[in-house]
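Trainee: One structure, pasted below without further comment.
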Amino acid sequence: IKTSAPDKATIILSISTLDKSASKSQSDNAELADRVMTALKNSGIPESDIKTSSYNLNEEFQWNDVLRKSESIGYRTINSIQVTVKDLSKVGSVIDAAVQAGANSVSSVSFELSQAKQDELKTQALKEAAQNAKAKAESIASGLGITVGRVYSASESSNYYVPVYRNYAMEAVPATAGATTPITPGDIEFSASVSVQFEIQ
């Protein structure tokens, strides 16, 4: 098992607007989304690391106890944006900037490894697993009074997982003046196992 600090974060945030008019709900949402995108870019996030993950416009209903029926309360537009942050020290300030610009929900923050870092950890983990397999085989062979020969067959498997996934499925509240939302990533583990069959002599 190899442990590493994550080297990127993915934030999913949303802009939600409600209005009796579908077109007004959309236009209000577009205005806020534009402000949020500008705030993200001003926070140092390149445009290539900002993308729309989903966009929905639906009529919203609420139950009226007096009339005993559901009534339309307007049209809800939700624009969800996925942001990749490669400088983890900026995660909290990026969230704050987005919220202050008009994002009203942060659905999740996940910490991950870049593909290059995954490949590096996998190589290291497999190398150590192979060395351990050989050492164990030699130890067993010594106990049996035989000698380990060449490798007959080998197979490997590996797992990459984040032990801590922080979910912020709640309405985001702008940080107070001078404070930054504290976001602390946990370490990520990459495990590998190797199964080796040796010829014996």
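Trainee: Looking only at the range 11-29, how many residues end up being in a strand (DSSP E or B) and surrounded by fewer than 16 Cβ atoms within 10 Å (Cβ to Cβ)?
Mentor: 1
Trainee: Tell me whether the range 83-96 contains one or more residues that are more than 12 Å from residue 14 (Cβ to Cβ) and without any contact (Cβ under 8 Å) to a residue 12 or more places away in the chain.
Mentor: Yes, some residue in the range 83-96 is more than 12 Å from residue 14 (Cβ to Cβ) and without any contact (Cβ under 8 Å) to a residue 12 or more places away in the chain.
Trainee: Please indicate, with yes or no, whether at least one residue in the range 22-39 is of a type in the set (A, V, I, L, M, F, W, C) and under 26 Å from residue 186 (Cα atoms).
Mentor: First pass over the range 22-39, keeping only residues of a type in the set (A, V, I, L, M, F, W, C): 22, 30, 32-33, 36-37, 39.
With the extra rule that they be under 26 Å from residue 186 (Cα atoms), the set shrinks to none.
Within the range 22-39, not a single residue is of a type in the set (A, V, I, L, M, F, W, C) and under 26 Å from residue 186 (Cα atoms).
Trainee: Ok, one more. Could you tell me how many of the residues in the range 139-174 are under 33 Å from the mean Cα position of the chain (by Cα), modelled with pLDDT of 50 or more and of a type in the set (D, E, K, R)?
Mentor: The qualifying residues number 1.
Trainee: Next question, about the same structure. Condition test on residue 177, is it modelled with pLDDT under 70 and open to solvent by 50 Å² or more (accessible area, probe 1.4 Å)? Before the answer, list the steps.
Mentor: Details: modelled with pLDDT under 70: yes; open to solvent by 50 Å² or more (accessible area, probe 1.4 Å): yes.
When the stated conditions are applied, residue 177 passes them.
Trainee: Starting from residues that are surrounded by 16 or more Cβ atoms within 10 Å (Cβ to Cβ) and among the small types (Gly, Ala, Ser), keep the ones in the range 180-192 and report whichever is nearest to the chain's Cα centre (by Cα).
Mentor: 191
Trainee: Looking at this structure, is residue 195 open to solvent by less than 50 Å² (accessible area, probe 1.4 Å) and either farther than 30 Å from residue 52 by Cβ or modelled with pLDDT under 85 (or both)?
Mentor: Numbers: open to solvent by less than 50 Å² (accessible area, probe 1.4 Å): no; either farther than 30 Å from residue 52 by Cβ or modelled with pLDDT under 85 (or both): yes.
Taking the combined requirement at face value, the residue does not satisfy it.
The values are calculated or read from the model by the stated rules, or taken from the named source; none is laboratory data. As the structure is a prediction and not an experimental result, all values here were calculated from the model. Note that each Cβ is placed from the backbone with ideal geometry, even for glycine, and that neighbours are counted across all protein chains shown. Heavy atoms of the whole protein, side chains included, go into the accessibility calculation; ligands, DNA and RNA do not. Shrake-Rupley method; radii C 1.70, N 1.55, O 1.52, S 1.80 Å.
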